[in-house]
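In what follows, a structure is listed as structure tokens, so that the remarks can point back to it.
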Amino acid sequence: MDFKTSNEETKTGIYLMQEGNEEPFNIRLHLAKDILTIQEQDVICVSGEPFYSSERTVTIRRQTIGGFGLSIKGGAEHKIPVVISKISKEQKAELSGLLFIGDGILQINGINVRSYRHEEVVQVLRNAGEEVTLTVSFLKKTPAFLKLPLCEDCTCIPSDQSSGTSSPLCDSGLHLNYHPNNTDTLSCSSWPTSPALRWEKRWVDLRLIPLLHSRLSRYSPGSDSCRKNAFQVIAVDGVCSGVVQFPTAEDCLDWLQAISGNISSLTKHNVKKINRNFPVNQQIIYMGWVDEKEQDSVQDRMYSPKFLALRGSSLFKFSAPPVTTWDWTRAEKSFTLYEIMFKILKDNDLLDKRRHCFSVQTESGEDMFFSVELDCELLIWEKAFQTATFLEVERIQCKTYACIMESHLMGLTVDFGMGFVCFDAASKAVLWRYKFSQLKGSSDDGKSKIKFLFQNQDSKSIEAKELEFSNLFAVLHCIHAFFAAKVACLDPMFVESQGTATTAGFPSLSAISCNSQTPKLKYAT
């Protein structure tokens, strides 16, 4: 294994990659700060320009023994043209002097075969008659595909020592059509000589994956089935790395963390640039890719990639990262931050085999479930939600909801400084007010009613207040957000440590819960 790291934030290693049902092949990964380069090994001409690189038209006759004297590999099913892989010594193909190993067959007797499958080309050649006219062109990437041996000190590449007969892309053996015992080998003249040509085996770029807004996936598309020691990287324009396989789970995790870290750093830097164009109350706190669990799975697709952004007062959900200002107006959905509830799912809360999941309960009570690739990403999202919510609560300071108490239309204001204030909707007269520290308990019916239990400061007695709301979940979440912000404000270490201890007489945040089935606010007494 070739592996190294440097102070320039680069990382290199040789691993395996598999695309579709094809056999895995060696690739080299090179991770830089902003790009992941995937390379494959190829034999390339490093000096001189082959005279045979342009299109040529060659006419040859079929022999009684040996046929045309050539073999072919490849075809459309392998995503490459059909190429000449062998040329028999002293047969018609070699004697023409114009056909070489590595030539791609473009036309046969005027028939365009560029997009033909291997067997289709074989049939065309077999039915071509006694004389065939081939239009060919040498393909520069063919040597690696044909597994030709490297000979740096010779201008020809001899024999068929690695003809690829063990490869799934094996030769058609057309030169053996009329003589099964023919064992002619490839002569040096099959590879054209030129004193100016020099070939070398090198790693060449297969794909370049820009990391800004790229996403990682260890799971089979749309499922909760995690690949073993493998993942893929998908660029924002849809270019995919292919499934990269690692020898151990440690190697896989190491690369996941390295790539994820670079993506995160690029995102933060990009957010800083974007925020220069936004006012203070519209700043982006964080954004990135997640996988959302489908509410109604169609065709076994359980998850879909979504791009979430915490900006200003809202959580935005996109199908693709927003690039322009106009893109922000075209979000799939947006939610008011202090009226939604973020929750990391523990092991016993997970819905399936996906790990590193969190839920967001909306103001209507709907639960959305998301997963990320790494535990560190989960913690980043948790801190981002806490920070964004705190900043928004600190900015608005208060929020008022219409409610009904004893058949009268009222208003309940949750105020960051004063606590709870209830007033008559018509006269605006304040009926009662309590500090946050006076709230000793509460319960709700999961539909519209909340019963608050406040402690009278003077008599220390408990006073019950029952209010009815048309938007119960929004109110519950808002109260939770204000309590969380109050604790964070009084205890600066809260956001960092995610502490849950009661501070200055306020209820413990761990005791404030909102369950999607029977949502209730519960407070420590």
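The values are calculated or read from the model by the stated rules, or taken from the named source; none is laboratory data. Here the structure is a predicted model, which is why all the values come from computation and not from measurement. Neighbour counts run over all protein chains shown; Cβ positions are idealised from the backbone, glycine included. When the accessible area is computed, the model is the full protein with side chains, heavy atoms only, and any ligands, DNA or RNA have been set aside. Shrake-Rupley method; radii C 1.70, N 1.55, O 1.52, S 1.80 Å.
Dipole magnitude of region 303-358 about its Cα centre, charges +1 at Lys/Arg Cβ and -1 at Asp/Glu Cβ only, in debye to the nearest 20? Before the final figure, lay out each step's value.
Numbers: 10 positive and 6 negative charges, 24 e Å.
Around 120 debye, computed over region 303-358.
Using 0.36 nm per residue of separation minus the Cα-Cα distance, give me the extension gain between Glu466 and Asp205 in nm, one decimal.
Working: separation 261, 0.36 × 261 = 93.96 nm, distance 6.78 nm.
Gain on stretching Glu466 to Asp205: 87.2 nm.
Mind grabbing the base-10 log of I(q)/I(0) for region 398-472 at q = 0.14, 0.18, 0.24, 0.27 Å⁻¹? Debye formula, identical points on the C-alpha positions, no solvent, two decimal places.
-0.42, -0.71, -1.23, -1.42
Determine the dipole magnitude for region 297-402: charges of +1 sit on the beta-carbon of Lys and Arg, -1 on that of Asp and Glu, nothing else is charged, the reference point is the Cα centre, and the result goes in debye to the nearest 20. Each step should come with its number before you reach the end.
Values: 14 positive and 16 negative charges, 38 e Å.
Dipole size: approximately 180 debye.
As an exercise, use a Förster radius of 25 Å and the Cβ-Cβ distance of Ala128 and Glu22 to find the FRET efficiency, rounded to the nearest 0.05.
Numbers: r = 30 Å, r/R0 = 1.20.
Efficiency for this residue pair is about 0.25.
Measuring with a 1.4 Å probe in the full set of protein chains, what accessible area per residue, in whole Å², belongs to region 277-395? Working shown, then result.
Working: 5620 Å² over 119 residues.
So region 277-395 comes to 47 Å² accessible per residue, rounded to a whole number.
Note the full-extension length gain between Arg395 and Lys428 as 0.36 nm times their separation in residues minus their Cα-Cα distance, in nm to one decimal. Numbers along the way, then the final one.
Numbers: separation 33, 0.36 × 33 = 11.88 nm, distance 2.38 nm.
Contour length minus the Cα-Cα distance gives 9.5 nm.
Work out the length of the dipole vector of region 56-141 about its Cα centre, built from +1 on the beta-carbon of each Lys and Arg and -1 on the beta-carbon of each Asp and Glu, and round it to the nearest 20 debye.
Taking the Cα centre of region 56-141 as origin, the dipole is about 260 debye.
Which of the GluC sites (Glu not before Pro) found in region 381-414 are loop residues per DSSP with 14 or fewer other Cβ atoms within 10 Å of their Cβ?
Numbers: sites: Glu382, Glu392, Glu394, Glu406; in loops: Glu406.
The qualifying sites are Glu406.
Of the options Thr59, His78, Val121, report the single residue whose Cα projects farthest towards the positive end of the charge dipole of region 56-141 (beta-carbon charges: Lys, Arg +1; Asp, Glu -1).
Value computed over the given set: His78.
Computed on alpha carbon atoms, what radius of gyration and Dmax characterise region 277-395, expressed in Å?
14.2, 45
Mind giving me the FRET efficiency for Asp237 and Met418? R0 is 45 Å, r the Cβ-Cβ distance, nearest 0.05 is fine.
0.30
Tell me, what is the 1.4 Å probe accessible area of Met418, in Å² to the nearest 10?
Rounded to the nearest 10, that gives 100 Å².
List the residues, sorted by chain then number, that are 5 or more residues from Tyr303 or on another chain and whose placed amide H is less than 5 Å from its amide H.
Residues meeting the criterion, in which the H sits 1.01 Å from N, are Gly222, Ser223, Glu294.
Which whole-number percentage describes the relative contact order of region 56-141, with Cα contacts under 8 Å and a sequence gap of 6 or more? Before the final figure, lay out each step's value.
Details: 170 pairs, mean separation 30.7, N = 86.
RCO, region 56-141: 36 percent.
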